[in-house]
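Working notes for the structure below.
The values are calculated or read from the model by the stated rules, or taken from the named source; none is laboratory data. Computed from a predicted structure; not experimentally measured. Cβ placement follows ideal geometry from the backbone for every residue including glycine, while neighbour counts extend to all protein chains displayed.
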Amino acid sequence: MRRRFGVFGEGMAWTAAGLVLLLVLMAVRPSFAAQEIHGADSSFRAQGITILWAILKGPTEEDSFVYIRILHDQTAAPKLNFLGVEAVDPFSKEREWVVKAPLWGKQTLKIVRTDFRDKTERWLHFYTDQAALERHQPALTIFYHGVPDTAPELLTEADLEAYLAEAPARIR
């Protein structure tokens with residue numbers, strides 16, 4: 001005679017137990033797991049990090065530059081101390097480091113516009129310390145699938161700097 005577990009059959013009880021275990025494991029993520037956030041706009045703020053994009057338009061694509069300004073609010077995100085930026089090909093998933101550096105209050109990357117042809121994505125990783133950077137264990141990642149459509153195209157460096165200086169105040 002077969003013994004039953006409550007209203008479930010024996011197989012159903014094991015299935016239910018497996019589901020409960022799976023839910024518990026999903027809820028208890030490792031403390032080193034990075035949070036990944038999709039950068040939603042050319043002016044974006046999350047968890048003490050502000051990212052601003054702008055384009056300095058030249059006569060050709062080879063003479064145009066994409067600027068990515070990273071502002072770190074050390075009061076809001078005191079544990080983030082290092083930055084790594086990767087260029088990623090969305091099809092082959094090939095990755096290339098653009099920069100690895102200490103995280104300051106304000107940093108600006110200047111990238112030739114044509115560098116976005118094959119490796120269109122940019123993954124901005126933020127690390128707690130040098131060891132986490134070397135192990136590639138970011139605490140926070142903000143990624144973009146390309147240059148945001150909302151990034152303004154400016155014609156002079158003065159206009160670009162003025163835009164980047166004013167943009168943080170416009171973020172809600």
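Which of the residues spanning region 95-131 are crowded, with 16+ Cβ neighbours inside 10 Å and in a loop (DSSP other than H, G, I, E, B)? Answer for region 95-131, where residues must be crowded, with 16+ Cβ neighbours inside 10 Å and in a loop (DSSP other than H, G, I, E, B): Leu103, Lys119, Thr120, Thr128. Restricting attention to region 55-88, which residues are over 22 Å from Gln137 (Cα atoms), among the charged types (D, E, K, R) and under 20 Å from the mean Cα position of the chain (by Cα)? Across region 55-88, the qualifying residue is only Arg69. Selection of region 132-144 for residues being in a loop (DSSP other than H, G, I, E, B) and out of contact with any His (no Cβ under 8 Å at 6 or more places or on another chain) yields Gln137, Ala139. So, Ile51, is that one aliphatic (A, V, I, L, M) and closer than 17 Å to Glu161 by Cα or not? So Ile51 passes the test. Residues in region 145-166 that are in contact with a Ser or Thr (Cβ under 9 Å, 6 or more places away or on another chain) and either surrounded by 19 or more Cβ atoms within 10 Å (Cβ to Cβ) or assigned to a loop (DSSP other than H, G, I, E, B) (or both): His145, Gly146, Val147, Pro148, Asp149, Thr150, Ala151, Pro152, Leu164.
The sole residue among Leu71, Leu154 that is touching a helix residue (DSSP H, G or I) at 6+ places or on another chain (Cβ under 6 Å), of a type outside the set (Gly, Ala, Ser) and within 20 Å of Phe44 (Cβ to Cβ) is Leu154. Does Ala77 satisfy the condition of being farther than 15 Å from Ser42 by Cα and surrounded by 15 or more Cβ atoms within 10 Å (Cβ to Cβ)? Yes. Are any of the residues in region 4-25 among the acidic types (Asp, Glu) and at pLDDT 95 or above? No, region 4-25 contains no residue that is among the acidic types (Asp, Glu) and at pLDDT 95 or above.
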